[in-house]
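Here the structure comes first, spelled out in structure tokens, and everything after it is commentary.
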């Protein structure tokens with residue numbers, strides 16, 4: 001427990017609050033108060049904290065109390081302003097810089113232990129021979145039973161060049177294997193997968209917007225152009241965003257020089273800026289479809305909004321999240337920072353991306369949208385839920401609520417005069433509602449039974465390229481569920497659920513034995529949204545035809561609602 005003198009409490013409080021005032025953390029009304037009012041409030045806070053420290057019935061950690069006070073102050077502003085320290089600070093730096101010191105393994109909590117999902121090729125973990133399904137049972141002498149992923153990550157990550165010792169229990173073995181591995185710089189890829197589908201349609205997945213995103217995306221697109229790409233799908237579903245500069249850099253890969261990408265407006269003069277494309281060489285010559293959903297936010301919304309406003313892409317999916325505020329990070333020390341909201345984003349047409357929300361996260365004046373595809377985020381030495389698309393239904397529904405949802409929203413116009421909607425977030429040109437997960441599917445994924453089944457299955461079987469989930473494999477899986485005492489009824493094995501189980505087993509088999517590229521292909525081939533996009537390319541092979549198709553579908557929906 002840490003004790004603070006009154007003098008230290010006042011000095012710390014003054015430092016925090018003066019910094020907050022200088023950076024605009026207090027509202028305008030508060031700023032109108034005199035310095036005397038602020039110092040009086042700080043002294044009151046210090047007096048109360050000192051009284052708690054000296055006279056409260058139980059011993060308390062005053063450092064923790066001050067931390068909670070800081071969190072309360074920032075949390076009352078908006079959901080995105082926060083104090084960062086420890087692992088939270090490390091995770092933030094990894095997400096923006098795209099690298100960290102570690103082993104290069106995807107891990108998650110499975111069967112009471114942190115477990116290797118897969119090693120990343122070329123990293124210390126892969127070279128040491130770590131395998132999918134390895135349970136990490138001890139780290140630096142600590143029994144890891146019951147350790148959640150975040151706790152294991154804290155021990156496994158560290159400065160490059162340092163060593164971490166741990167023990168692994170392999171499926172089927174009773175004796176743990178000792179490992180001592182030297183950490184290296186691990187690069188986190190913003191673009192984890194790209195590939196060709198249907199012969200000439202390129203697909204690229206963007207997980208986040210970091211310093212390396214534009215370079216990775218340009219490389220992926222160039223590779224597919226060399227393969228004769230005639231159309232491009234950019235998948236931003238579940239992308240939480242990232243750096244504003246990264247959004248600009250990515251956008252100008254496709255937008256002509258001097259095109260406005262985004263502008264910001266804030267209370268302070270230095271928070272208002274306009275960002276233009278400066279790239280003279282862009283990727284063009286084919287139609288682009290961008291996929292978004294309710295998990296698409298921040299920098300991903302800047303990118304999709306700019307492409308939509310300049311008529312460079314046909315946007316498909318669900319309305320995006322509406323995280324349209326700029327956070328500026330102010331470093332307090334080598335391991336601490338405060339992240340404060342300082343401005344709001346606007347698309348080139350003038351739409352505000354920001355959607356105001358209640359404290360529980362629900363949007364004010366929520367826009368109707370359908371079920372959302374669960375999109376996890378892979379973090380090396382961190383949690384991972386393989387980016388699961390929701391297959392199952394034979395046909396994907398266009399969102400029948402779209403016309404009603406847009407009825408009272410402000411209208412804006414793209415460069416070509418097309419109508420787009422404000423009110424927060426990015427509204428797709430063509431809205432799709434993915435089918436919902438069934439109860440059985442959610443239970444199977446929650447307990448990671450596809451993953452654990454494949455780990456056991458591989459003890460007596462081999463998996464090669466072209467692996468199919470046959471009826472025999474399904475029967476083995478049902479037997480495994482019985483052994484695990486997983487309860488379900490025969491009527492639960494509907495065609496939809498069985499199709500999902502086949503995909504789930506195929507996904508885990510590919511990830512375990514064939515690599516993550518193979519896993520992505522299994523998931524995408526069963527993804528109804530992606531397959532709908534491929535059909536749009538077949539039926540409307542140019543952007544002009546796609547825009548016309550979107551307008552036609554919007555008119556049909558509006559007429560049916562009216």
Subject >> Enumerated strands (runs of 3 or more DSSP E) restricted to segment 301-412, each holding at least 2 residues that are surrounded by fewer than 19 Cβ atoms within 10 Å (Cβ to Cβ), over 22 Å from the mean Cα position of the chain (by Cα) and at pLDDT below 90 >> reply: 325-331
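Residue by residue, here is whether (1) modelled with pLDDT under 95; (2) within 23 Å of residue 222 (Cβ to Cβ); (3) over 19 Å from the mean Cα position of the chain (by Cα) holds:
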residue	(1), (2), (3)
243	yes, yes, no
254	no, yes, yes
257	no, yes, yes
260	no, no, yes
266	yes, no, yes
270	yes, no, yes
Subject >> Residue that is farthest from residue 91 (Cα to Cα) [pool: residues in segment 210-224 that are in contact with a strand residue (DSSP E or B) (Cβ under 6 Å, 6 or more places away or on another chain) and at pLDDT 95 or above] >> reply: 224
Original post:
Just checking, which of 104, 129, 141, 125 is buried (at least 19 other Cβ atoms within 10 Å of the Cβ) and either on the phi > 0 side of the Ramachandran plot or at pLDDT 95 or above (or both)?
Top reply: 104
Subject >> Output for segment 441-453, where each listed residue is without any contact (Cβ under 8 Å) to a residue 60 or more places away in the chain, farther than 12 Å from residue 503 by Cα and in a helix (DSSP H, G or I) >> reply: 442, 443, 446, 449, 453
**OP:** Considering only residues that are more than 25 Å from residue 330 (Cα to Cα) and touching a residue at least 24 places away in the same chain (Cβ under 8 Å), look in segment 262-284 and name the one that is surrounded by the fewest Cβ atoms within 10 Å (Cβ to Cβ).
**Re:** 284
**OP:** Only helices (runs of 4 or more DSSP H) wholly contained in segment 455-562 count here; list those with 2 or more residues that are in contact (Cβ under 8 Å) with a residue 40 or more places away in the chain, out of contact with any helix residue (DSSP H, G or I) (no Cβ under 6 Å at 6 or more places or on another chain) and under 21 Å from residue 201 (Cβ atoms).
**Re:** 516-525, 528-539, 543-561
Subject >> residue 232, sole failed condition from (1) on the phi > 0 side of the Ramachandran plot; (2) touching a helix residue (DSSP H, G or I) at 6+ places or on another chain (Cβ under 8 Å) >> reply: (1)
**OP:** Determine which member of the set 74, 65, 87, 42 is assigned to a helix (DSSP H, G or I), modelled with pLDDT under 70 and either buried (at least 17 other Cβ atoms within 10 Å of the Cβ) or touching a helix residue (DSSP H, G or I) at 6+ places or on another chain (Cβ under 9 Å) (or both).
**Re:** 87
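The values are calculated or read from the model by the stated rules, or taken from the named source; none is laboratory data. Since the structure is predicted, the reported quantities are computational estimates derived from the model, not experimental observations. No Cβ is skipped: glycine too gets one built from the backbone with ideal geometry, and neighbour counts run over all protein chains shown.
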